[in-house]
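Report on one structure; see the data block that follows.
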Amino acid sequence: MSTQTPPPVATGAGLAPLVELRGIEVVYDAAILGVADISLTVAPGEIVALLGANGAGKSTTLKATSGLLVADRALVSRGSVLFRGEDITGVAPNLLATRGIVHVLEGRHVFGHLTVEENLRTGTFLRRLGRRETERDLDEIYGYFPRLRTKRKTPAGLTSGGEQQMLAIGRALLTRPELVLLDEPSMGLAPIIVEEIFEIIAGLNRTKGTTFLVAEQNIAVSLRHAHRGYVLDGGKVVLTATAADLRERDDLHEIYLGLASV
Ligand SMILES: Nc1ncnc2c1ncn2[C@@H]1O[C@H](COP(=O)(O)OP(=O)(O)O)[C@@H](O)[C@H]1O
Ligand SMILES: [Mg+2]
């Protein structure tokens, strides 16, 4: 592989993985195969992109990591999920949340009738923060997402799609996570907003060392900001490399057959 352009170095590169999937298979409704064989690692401080076409198994992989498979009557039927070296396969999502795994679901789930700030405050409940700590954390999040500060008193349902995605991410960050699972943050958003969101993610990663596993169909923008990537097809990992090496491959789009060019 080409080494002309060194990939961005993650703070945690070379460290023991924060999360590791070992050959997991997931079955929905005891009948439908969600993923067949996924192995991957994410080191502390990395941004890892999980790429693949619709139905490749990205969301299933994230749900296996956060425990949210139970909400879809699915389970890990083979292999295991490790967090900090400990087996967490099948552990309930609320327990994993307290251990620092937060999952931002696809589709910007915010409480539409609550204001932006009320939505953000729900993120602080998990840690039972005191008043001063809550205000400090909120202020920090507003620093990363200035648009949210501007709209703090607006009902979330009246904000734009981009602002709702920022709100969903901001609320997740207020749980003080170690690992953030993001499911298609770019979906349905204008390119300029997508770029803004990924720049904020990269900034959070650089300054706070927050670790991200990001499922995306948008190859271009995710590989510009990630350190490494995994390409899924048919519920399996078909390719893994540094983001720099993946950016140079011209056959990536063939794996994405049927998707609009990015
Ligand atoms: N709730 C569900 N019930 C049954 N099958 C599902 C469910 N969610 C996903 N699947 C199946 O699992 C496979 C992987 O889907 P998914 O993880 O959603 O892919 P992606 O996120 O890459 O689009 C697909 O074949 C899909 O039909
Ligand atoms: Mg999905």
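Laboratory data are not the source of any read-out in this text; all were calculated from the coordinates shown. Please read all numbers here as calculations on a predicted model, not as lab measurements. Note: ideal-geometry Cβ built from the backbone for every residue, glycine included; neighbour counts use all protein chains shown.
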Quiz prompt | Net charge, Ile141 excluded, C-beta distance under 12 Å - Lys, Arg +1, Asp, Glu -1 | solution = +3
Quiz prompt | Considering only the chain, percent of DSSP beta bridges that pair antiparallel, nearest 5 | solution = 55
Self-check item: Partners for Lys58 among aspartates and glutamates (Cα-Cα distance below 17 Å; same-chain residues under 8 apart left out)
Solution: Glu20, Glu25, Asp37, Asp72, Glu106, Asp183, Glu184, Glu216, Asp233
Quiz item: In percent, what relative contact order does region 107-176 have, based on Cα pairs under 8 Å that are 6 or more apart in sequence?
Solution: 56
Quiz item: To the nearest 20 debye, what charge dipole does region 149-262 have about its Cα centre, counting +1 at the Cβ of each Lys and Arg and -1 at the Cβ of each Asp and Glu?
Solution: 800
Exercise. Report the relative contact order of the chain, percent, no decimals, based on alpha-carbon pairs under 8 angstrom and at least 6 residues apart.
Key: 27
Exercise. For the chain, report the translational diffusion coefficient in µm²/s to the nearest whole number, using Stokes-Einstein at 20 °C, 1.002 mPa s, and a Kirkwood Rh over Cα pairs.
Key: 115
Exercise. Enumerate the helices in the chain for which the Kyte-Doolittle hydropathy averages 0.0 or more and the C-alpha atoms extend at least 24 Å along the helix's axis, using complete DSSP H runs.
Key: 191-208
Quiz item: Order of 75-88, 99-112, 220-233 by packing, highest average Cβ count within 10 Å first?
Solution: 220-233, 99-112, 75-88
Quiz item: Got a sec? Which residues in region 176-190 would a label at Ser160 touch, if it sits 7 Å along Cα→Cβ and we count backbone N under 15 Å?
Solution: 186-190
Quiz prompt | Relative contact order of region 92-208, defined on C-alpha pairs under 8 angstrom at six or more residues apart (%) | solution = 41
